[in-house]
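A short write-up of the structure that comes next.
The values are calculated or read from the model by the stated rules, or taken from the named source; none is laboratory data. All of these numbers come straight from a predicted model, not from anything done at the bench. Cβ placement follows ideal geometry from the backbone for every residue including glycine, while neighbour counts extend to all protein chains displayed.
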């Protein structure tokens, strides 16, 4: 079966930056819906017509992947608003930010604690891979028809790549 819109593809991948540094490796296939919200548009487009056993190597520019870095998504907030146990790398859903956070912080994003100071915390609403050109090697391990439920939801429920370009509100790679 060839990959087409509204089918489910099982993929493995190796994700690297342009210098060849490995950022993410997935050896066990994950099922993703083609034609839904599970994959980046360029990845979906490049998968069309391929079948089990094919290997694709893609170059993704920031605008085709996780968007450009947006310094307007960096916020400095009072340390006293956050839990006592706080570490760099922790994430907060915008809707679950501590009470008292600045109203300028959009509530529809995901924010990573990028730095902690005695009096302040830096929240970063950019995807960790924002602003980066990426090299993605995909292996097609399986292809099947999508169920009506998957098509209706627009996802298999995995959504590793379910990130709109430049949007801070998507899921991250595993």
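Yes/no matrix, rows are residues, columns are (1) under 30 Å from residue 56 (Cα atoms); (2) assigned by TED's automatic domain parsing to the domain that holds residue 55; (3) buried (at least 17 other Cβ atoms within 10 Å of the Cβ); (4) at pLDDT 95 or above:
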residue: 94; (1), (2), (3), (4): no, no, yes, no
residue: 97; (1), (2), (3), (4): no, no, yes, no
residue: 104; (1), (2), (3), (4): no, no, no, no
residue: 113; (1), (2), (3), (4): no, no, yes, yes
residue: 120; (1), (2), (3), (4): no, no, no, yes
residue: 136; (1), (2), (3), (4): yes, yes, yes, yes
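Residue 141 passes every criterion in (1) assigned by TED's automatic domain parsing to the domain that holds residue 14; (2) within 26 Å of residue 75 (Cα to Cα) apart from (2). Pull up region 24-69, narrow it to residues that are on the phi > 0 side of the Ramachandran plot and at pLDDT below 95, then point me to the one that is surrounded by the most Cβ atoms within 10 Å (Cβ to Cβ). Among those that are on the phi > 0 side of the Ramachandran plot and at pLDDT below 95, it is 67.
Considering each residue of region 68-82 in turn, at least one proves to be under 20 Å from the mean Cα position of the chain (by Cα) and over 15 Å from residue 114 (Cβ atoms).
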